[in-house]
Each structure stands twice: as structure tokens, then as C-alpha cells.
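What follows is calculated from the coordinates using simple rules that are stated; it is not laboratory data. From a predicted model like this one, the values you see are computed outputs, not experimental measurements. Cβ: placed from backbone, ideal geometry, glycine included. Neighbour counts: every protein chain shown.
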Amino acid sequence: MYDLIIIGAGAGGLTAALFAARYKLNALVLSKDIGGLSLEASEIENYPGFISVSGAELMKQFSKQVDALGVEIRQEEVTRIEKKNNFVLKTDKKSYDAKSIILAIGTKRRTLNIEGEERFLGKGISYCANCDAPLFKNKIVAVVGGSDAAAMSALLLAEYAKKVYIVYRKSELRADPITVEKIKKSKKIEAIYNANVANISGKDFLESVSLDNEKALEIDGLFIEIGATPSLALTKPLGLNTDSLGYIAANERMETNVEGVFAVGDIVKKDLRQIITACADGAIAALYAYKYIKQIKK
């Protein structure tokens, strides 16, 4: 019986583990991989203390610190959570019991689901302009999508790239009007409407994309900004409250509507999803998990 089991070993989960160790909780981290979506970032320049660091290296440092404090991280995929007197977690290997849990299971990027997308990931294809924009200085790139995230990515990329295409399946962007106005004023950004990326080509790195309007673009980078989906299949049996998009509703203590269940990171309803905000969530959740455990032990 663990005091706390943390599901997910991204920035939020690992930070929660770090603070759980400092509160002397009997804690365990379960995750299919260590690092989460941060591993996809080839260069991070907005995490305090590092001028530049890869996502893989940053998460390696996180996990080393957790390991040094004695919290075990087991690379097992949690397949089911049951709420009984306590919580029963079943993985692809065994079963665990816990008095409380922290959900740090993140989101899944929506993909184009076309041939070549996976092959060129990190070789021209990116899902994070904040992470990778500086790598495309004086190059030609394209952004897929028409939301605020896509529009902001295009503006950021325009600060580095010499040309930025926006490829959007509808007839106009659905970003906020001020952002759209900035895009229209930019001499570097060209929007291509009523089009989808149909094919991705290249040898060792991305070289071009074909659109379904029979137009082809020779580009060095393709940034896919078509949203993300919460990873909620695992949590449905718990009956957690979510917003209309499926993100978990958690209060300022990172508590959900189910006693003993906390949620952190990208899975939570919030305005800013970054490594640093996931870390803050993890620290807060660990504190209130500790207080919860103290209360039920009394």
C-alpha cells in the first residue's frame, strides 16, 4: 500500500515525485516512458536556469534528482484505475494499491496521420514552435492549423524564418482578431486557405509538402498546430469532472472532484501549458496529497 502513486513521468509527475520525497511520503511513479512530450523538444530556451537545453536532457536531470531522493520510477503502463476503499492501479505487469493518486498523464498531439509524418519528426517536423523556432533561422517553414496556437506559432517563426506559410483547411483563420491582423501585416507570412497537407517528402530531412489543392511547397520545417486531446480513457471510471474539451477540472490545490485524486500538467484545464507550469502543478499537488494522507491517517 503506497501513500501516493503518480501516474506519468513528465515534468509535472517528476516534480510531484520530488516534493513527495521531501514530505516523506511512500510514493511510486508509474509511466510508460520518462519525460513525456518534453522529449520531443530539441531545444528549450524558456526554462529558468538553462540558456538552452534539450527536452531529453532536462527530463534526464529531473529523473536523476527524483532517483537520488529514493522515489522509484517504474516504466509500466497503467491500464486501469479502480476506486475502492483506496485506489487499485493495474499496469501491463502487475497491480498496485494507493491511498491517493496524482494524474500527470498529459495530452496527445493531434497528428496529420499521413505518411512521412512520423519519419520526419525531429528532422523538419515539429509540434512545438516555442521549442524549435530558433532552429529555422533564415529558412522556409509552414504551419498547419488556423487556431490561436497556430497563428502565434506563425508569428514566432516569422522572427526567425525568412518565409512562413500557414496552411489551413478553412477559408479564414479562427485566431483572435488582433493576432490575425498581425499576421496580415507581416511581410513574411503567407496564408494558404482551403487546403490540407496531403504528402510529405524528403530524403534524410523534410524537403517539401504537397497540398490537396495541387500546390507544392519547398520547405525546411513543418509545424503541426492542430490541437491536442486529453488522455482521458484511463480516468473515465473515476467520474472526474472535465470541461467541454475534456480537460480535467482541478482547483488551486490541484484537487479533482474525487477525494484523493489530484491532476497536474497538460491534462488540467488551464491557459498556459509549459514545462514550468507543469512543475508548479506537481509541487502543489504533492503538498496537498501530503496533507490529505495526514488527514486520513489521523
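Observations on the model:
- Label point distance in nm, R22-E172, each placed 7 Å from Cα along Cα→Cβ: 5.0 nm
- Only the Cβ atoms of Lys and Arg (+1) and of Asp and Glu (-1) were treated as charged; on that basis the dipole of the chain about its Cα centre amounts to roughly 780 debye.
- Note on region 1-159: the alpha carbon radius of gyration divided by the globular reference 2.2 N^0.38 Å gives 1.22.
- Region 111-224 - share of DSSP beta bridges that are antiparallel (%, nearest 5): 35 percent
- Stokes-Einstein D (µm²/s) once Rh is taken as the Kirkwood radius of region 111-224 over alpha-carbon pairs, at 37 °C in 0.692 mPa s: 239 µm²/s
- A simple spin-label model places the labels of Q61 and E214 5.3 nm from each other, with each point 7 Å out along Cα-to-Cβ.
- Note: relative contact order over the chain, using C-alpha pairs below 8 Å and six or more positions apart, is 21 percent.
- Its DSSP H runs of at least 4 residues, each contributing -39,500 (n - 2.57), put the calculated 222 nm mean residue ellipticity of the chain at -7500 deg cm²/dmol, to the nearest 500.
- Bins of 10 Å from zero: percent of alpha-carbon pairs in region 162-298: 10, 27, 23, 21, 14, 5, 1
- In degrees, nearest ten, helix 275-297 long axis to first principal axis of the chain (Cα): 20 degrees
- Cut-off under 5 Å, modelled amide H: who pairs with I6 long-range: L28, V29, L30, I102
- Pairs from the table (K32/K108; K64/K93; K137/K182; K32/K90) lying more than 18 angstrom apart at Cα are K64/K93; K137/K182.
- Sorted peptide list for 68-78, 123-133, criterion being average Cβ within 10 angstrom, highest first: 123-133, 68-78
- Degrees separating the helix 148-158 axis from the principal Cα axis of the chain, which is the longest one: 60 degrees
- Extension gain for E118-N194 works out to 24.9 nm (0.36 nm per residue, less the C-alpha to C-alpha distance).
- Point-charge dipole on Cβ atoms (K/R +1, D/E -1) for region 1-53, about Cα centre, debye to 20: 320 debye
- Helix 11-22 vs. the chain, principal-axis angle (Cα, 0 to 90°, nearest 10): 30 degrees
- Cross-link partners of K298 among lysines (Cα-Cα below 23 Å; sequence separation of 8 or more within a chain): K24, K83, K84, K99
- Entry note: the chain has Rg to Rh equal to 1.02, where both radii use alpha-carbon atoms and Rh is the Kirkwood radius.
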